[in-house]
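Undergrad: Here it is, the structure, as structure tokens.
Taken together, the values in this text are just the output of simple stated rules run on the coordinates, not laboratory data. On a predicted model such as this, the values are computed, not experimentally measured, just so you know. With ideal geometry, Cβ positions are generated from the backbone for all residues, glycine too; neighbour counts draw on all protein chains shown.
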Amino acid sequence: MDNLLEIGKIVKTSGLKGRLKVLSYCESAETLETLENAFIGEDSEHVSSFNVGIIGIRRGSFFIDLESVESVEAASELIGRYVFVLSENLPDGEYYWKDIIGLDIVTEDGLKLGRVTTILPTGSNDVYVCSGGEKEILIPAFDDVVKKIDIEKGIIVVKLPEGL
């Protein structure tokens, strides 16, 4: 399914009633707070749909109860699989890696630096890897550096810190 966005990986069970611990790829807990349905699978092409019960959010992970997974044995079968959600169910005003990769990066003066080829998660912020210009540049995704993201125009406007 093309409209699925991967939000985490199931890493272990929690308790005896089928609760799952998921390593979260979400920057914001807001994505999870309204989650009612999730897709679980080895990849986005081979998923099963589940109604989501209780969600507990912890730093870097979240815990979910899936309505039809009621034992530790059933939950164990899902370890190592990925959790996906429909991209249209996500909050507005947030950008996802799939939206950012491929955008051109330009300075406030209009100088094209290259294109985002990958994103490195560092824990505190993402770092955009900009390739295709004179040299590869690592751009921290801070508000004082990334001034504007325009998905429709396909650009990210940046103000580079001294030394970049």
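Undergrad: State the extension gain, in nm to one decimal, for the chain segment bounded by Ser131 and Asn51, taking 0.36 nm per residue of separation less the distance between their alpha-carbons.
TA: Gain on extension, Ser131 to Asn51, equals 24.7 nm.
Undergrad: Okay, moving on. Just to check I understand the Karplus step: with θ = phi - 60° and J = 6.51 cos²θ - 1.76 cosθ + 1.60, what whole-Hz values come out for segment 16-21, glycine and proline as x?
TA: With the stated coefficients, segment 16-21 comes to 9, 9, x, 5, 10, 9 Hz.
Undergrad: Further question: When the helix-only estimate is applied to the chain (DSSP H runs of n ≥ 4, each -39,500 (n - 2.57), divided by the residue count), what is the mean residue ellipticity at 222 nm, nearest 500 deg cm²/dmol?
TA: Rounded to the nearest 500, the figure is -1500 deg cm²/dmol.
Undergrad: For segment 4-88, treating each Cα as an identical point scatterer without solvent, what Debye log10 I(q)/I(0) comes out at q = 0.10, 0.11, 0.15 1/Å?
TA: Log10 I(q)/I(0), no solvent term: -0.19, -0.23, -0.44.
Undergrad: Could you list which residues have their amide H under 5 Å from that of Arg81, counting only those 5 or more apart in sequence or on another chain, with H placed in the peptide plane?
TA: Distant-sequence amide H within range of Arg81: Ile10.
Undergrad: How much length is gained if the chain between Ile101 and Asn3 is pulled fully straight, taking 0.36 nm per residue apart and subtracting their Cα-Cα distance, in nm to one decimal?
TA: Details: separation 98, 0.36 × 98 = 35.28 nm, distance 1.62 nm.
Length gained, Ile101 through Asn3: 33.7 nm.
Undergrad: Still on this structure, I have one more. Taking square-rooted eigenvalues a ≥ b ≥ c of the alpha carbon gyration tensor, is the chain rounded, prolate or oblate, where a/c under 1.5 means rounded and, failing that, a/b exceeding b/c means prolate?
TA: Taking the square roots of the gyration eigenvalues as a ≥ b ≥ c, the chain is prolate.
Undergrad: Next up: Can you pull the three principal axis extents for the Cα set of segment 97-158, in Å, largest first?
TA: Per principal axis, max minus min of the Cα coordinates gives 30, 22, 22 Å.
Undergrad: For a paramagnetic label modelled at 7 Å from the Cα of Phe142 toward its Cβ, which residues of segment 97-133 fall within the zone defined by backbone nitrogen distances under 18 Å?
TA: Under cut-off, by backbone N: 107-108, 120-130.
Undergrad: Hey, another quick one. Please compare each pair in Lys9/Lys148; Lys98/Lys153; Lys21/Lys98 to a cut-off of 22 Å on the Cα-Cα distance and tell me which ones are over it.
TA: Those over the limit are Lys9/Lys148; Lys21/Lys98.
Undergrad: Using modelled backbone amide H atoms (1.01 Å from N, in-plane), which distant-in-sequence or interchain residues come within less than 5 Å of Leu103's amide H?
TA: When sequence neighbours closer than 5 places are left aside, the close amide H contacts are Val116.
Undergrad: Quick one: if the Förster radius is 41 Å, what FRET efficiency do Glu152 and Ser71 give, using the C-beta to C-beta distance and rounding to 0.05?
TA: Plugging the Cβ-Cβ distance into 1/(1 + (r/R0)^6) gives 0.30.
Undergrad: Count charges around Glu77 for me, please; just the other residues with Cβ under 13 Å from its Cβ, Lys/Arg as +1, Asp/Glu as -1.
TA: Every neighbour counted, the sum reads -1.
Undergrad: Using a 7 Å offset from the Cα along the Cα-to-Cβ direction at both Glu36 and Glu88, what is the distance between the two label points in nm, to one decimal?
TA: 1.5
Undergrad: Oh, and also: Please build a GNM for the chain, connecting alpha carbons under 10 Å apart, and tell me which residue among Lys112, Lys153, Lys21 fluctuates the most.
TA: Comparing Lys112, Lys153, Lys21 in a Gaussian network model of the chain, the most mobile one is Lys153.
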